[in-house]
1. Within region 108-143, restricting attention to residues that are out of contact with any Ser or Thr (no Cβ under 6 Å at 6 or more places or on another chain) and polar (S, T, N, Q), which residue is nearest to ILE42 (Cα to Cα)?
2. Of all residues in region 216-242 being of a type in the set (Asp, Glu) and more than 20 Å from SER171 (Cα to Cα), which is surrounded by the most Cβ atoms within 10 Å (Cβ to Cβ)?
3. Contact list please: Cβ distance under 7 Å, first residue in region 189-203 and touching a residue at least 12 places away in the same chain (Cβ under 8 Å), second residue assigned to a loop (DSSP other than H, G, I, E, B) and open to solvent by less than 10 Å² (accessible area, probe 1.4 Å), pairs at least six apart or on different chains.
4. Can you confirm whether region 166-181 contains a residue that is over 21 Å from GLN210 (Cα atoms), surrounded by 23 or more Cβ atoms within 10 Å (Cβ to Cβ) and either among the aromatic types (Phe, Trp, Tyr) or at pLDDT below 95 (or both)?
5. May I ask you to list pairs of residues, at least six apart or on different chains, whose Cβ atoms are under 8 Å apart, with the first in region 261-286 being over 15 Å from ALA343 (Cα atoms) and the second being in a helix (DSSP H, G or I) and open to solvent by 60 Å² or more (accessible area, probe 1.4 Å)?
6. Within region 307-392, considering only helices (runs of 4 or more DSSP H) that don't extend past its boundaries, which have at least 3 residues that are open to solvent by less than 30 Å² (accessible area, probe 1.4 Å)?
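The values are calculated or read from the model by the stated rules, or taken from the named source; none is laboratory data. Predicted, not measured: the structure shown is a model, and the values here were computed from it. Cβ atoms come from the backbone with ideal geometry, glycine included; neighbour counts cover every protein chain shown. For accessibility, only protein heavy atoms count, side chains too; no ligands or nucleic acids. Shrake-Rupley method; radii C 1.70, N 1.55, O 1.52, S 1.80 Å.
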Amino acid sequence: MDFTFTEEQQAAVEAARAVFSDVAPDRAPSPALTPGAVAEDIDRQLWNELARTDLLGLTLSPDHGGAGLDPIALCLVLRESAKVLARVPLLESCAVAMAVQRYGESTLAAELLPPAGRGELILTVGANGRSGHDPAELAVAARPYGESGRNEESGGASAEGSDWVLDGVQSAVPWAQVADWIAIPAHTAGGRPVLALVPRARDGVTLADQVSTSGERLAEVRLDGVRVTDRELIDAPGCWEWLRSLLTTGTCALALGLGERVLAMTAAYTGRREQFGFPVATFQAVAVQAADRYIDLRAMEATLWQAAWRISADAGGPLPAAGDVAVAKIWASDGVRRVVQTAQHLHGGFGADTDYPLHRFHAWAKQIELSLGPAAAHEEALGDLLAAHPLG
């Protein structure tokens with residue numbers, strides 16, 4: 001399998017490295033020392049710089065002012081962003097924009113995508129449902145507006161118009177307080193998943209502050225009779241499933257970038273730290289642990305690009321793309337945890353020093369691990385796919 005990146009994708013990586021080179025992981029207060037969120041807003045300076053270098057419109061079509069690249073390019077940029085713990089909704093905003101571009105009505109795309117690519121409009125998405133354990137679309141109900149609403153099975157328009165009403169809760173929505181639009185997965189009375197684009201300031205939307213393990217600001221988004229137009233509700237088959245896979249794959253890219261930075265920090269530290277007159281990196285016990293974590297990262301990388309390629313190319317295979325995404329999640333969830341645990345061990349007490357950035361990476365890694373969920377659950381999902389699609 002050839003994982004060689006195109007010239008355009010490599011150019012995106014170089015542009016991202018140039019932008020993130022000036023970002024320090026400790027730009028925000030430490031989550032270990034700060035009660036509540038480490039900041040009320042995203043890193044606006046970084047967000048504006050991403051917009052200036054056209055990285056926010058990287059995956060948008062030229063018709064909307066973008067570069068027309070694919071999810072692989074987005075994952076490459078996300079990988080670089082995680083190395084500096086970039087406090088911006090890069091994954092959420094770009095992923096929602098791609099879903100709108102792919103599945104939404106042209107008028108909605110024309111309204112949202114150009115300003116999103118310029119950084120003037122922020123998009124986010126509720127992907128955790130009420131508790132994070134059940135499918136997110138089950139946490140919100142979408143029903144046609146009015147008694148004589150649309151016939152869902154026939155797709156016919158309502159006599160009173162084609163508006164929809166949303167009721168329910170999405171928890172742990174990243175940066176909902178500063179987003180302009182929130183993508184809300186929901187289900188219809190027939191159980192069909194849909195995706196609603198809701199302005200944050202719309203009547204019936206209320207937000208309650210939440211804080212992530214990494215100290216980032218989240219929100220519980222409650223929808224009480226929120227009315228959305230037919231144009232703002234995407235009911236194209238496969239839309240929410242595709243967006244969910246993209247969000248998951250992007251999170252795996254964050255895990256990879258964070259793990260690579262942490263292993264590099266560990267190599268630098270153990271190369272300087274001496275015991276008995278020798279760098280501890282030369283001790284076999286240290287070298288073996290570092291080598292195991294390097295193997296984890298290479299497995300995380302290979303499974304990430306396989307999943308990203310399946311999403312980007314809509315490529316067929318013996319299993320649905322969900323199988324490749326599940327394998328990427330298995331490696332990313334367990335791998336990022338093992339990398340930071342080994343790093344803390346090899347750093348000794350210095351790794352817990354709040355003047356040193358490793359504890360920040362540990363908090364972010366734990367947040368990523370919690371977002372992805374336990375590897376055992378993904379192994380079970382992969383087993384179900386294998387049972388439904390026997391190989392050979």
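1. Only one residue tops the list, namely THR124.
2. Just the residues of region 216-242 that are of a type in the set (Asp, Glu), to begin with: 216, 220, 224, 230, 232, 235, 241.
Imposing the further condition that a residue be more than 20 Å from SER171 (Cα to Cα) reduces the set to 230, 232, 235.
On the way: ASP230: 17, GLU232: 22, ASP235: 19.
Ranking the candidates gives GLU232 first.
3. If the second residue must be assigned to a loop (DSSP other than H, G, I, E, B) and open to solvent by less than 10 Å² (accessible area, probe 1.4 Å), the pairs left are VAL194/THR188; ARG200/ALA176; ARG200/ALA179.
4. So far as region 166-181 goes, no, none of its residues is over 21 Å from GLN210 (Cα atoms), surrounded by 23 or more Cβ atoms within 10 Å (Cβ to Cβ) and either among the aromatic types (Phe, Trp, Tyr) or at pLDDT below 95 (or both).
5. Note: pairs meeting the criteria are PRO279/ARG272.
6. 321-347, 358-372
Results for (1) modelled with pLDDT under 95; (2) farther than 19 Å from ALA99 by Cα, shown as yes or no for each residue.
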{"residue": "VAL19", "(1), (2)": "no, yes"}
{"residue": "PRO25", "(1), (2)": "yes, yes"}
{"residue": "ALA32", "(1), (2)": "yes, yes"}
{"residue": "GLY36", "(1), (2)": "yes, yes"}
{"residue": "ASP41", "(1), (2)": "no, yes"}
{"residue": "GLY66", "(1), (2)": "no, no"}
{"residue": "LEU69", "(1), (2)": "no, no"}
{"residue": "SER81", "(1), (2)": "no, yes"}
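Residue-wise test of (1) crowded, with 17+ Cβ neighbours inside 10 Å; (2) part of a helix (DSSP H, G or I); (3) at negative phi.
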site: ALA11; (1), (2), (3): no, yes, yes
site: ASP22; (1), (2), (3): no, no, yes
site: GLN45; (1), (2), (3): no, yes, yes
site: LEU55; (1), (2), (3): yes, no, yes
site: LEU69; (1), (2), (3): yes, no, yes
site: ARG79; (1), (2), (3): yes, yes, yes
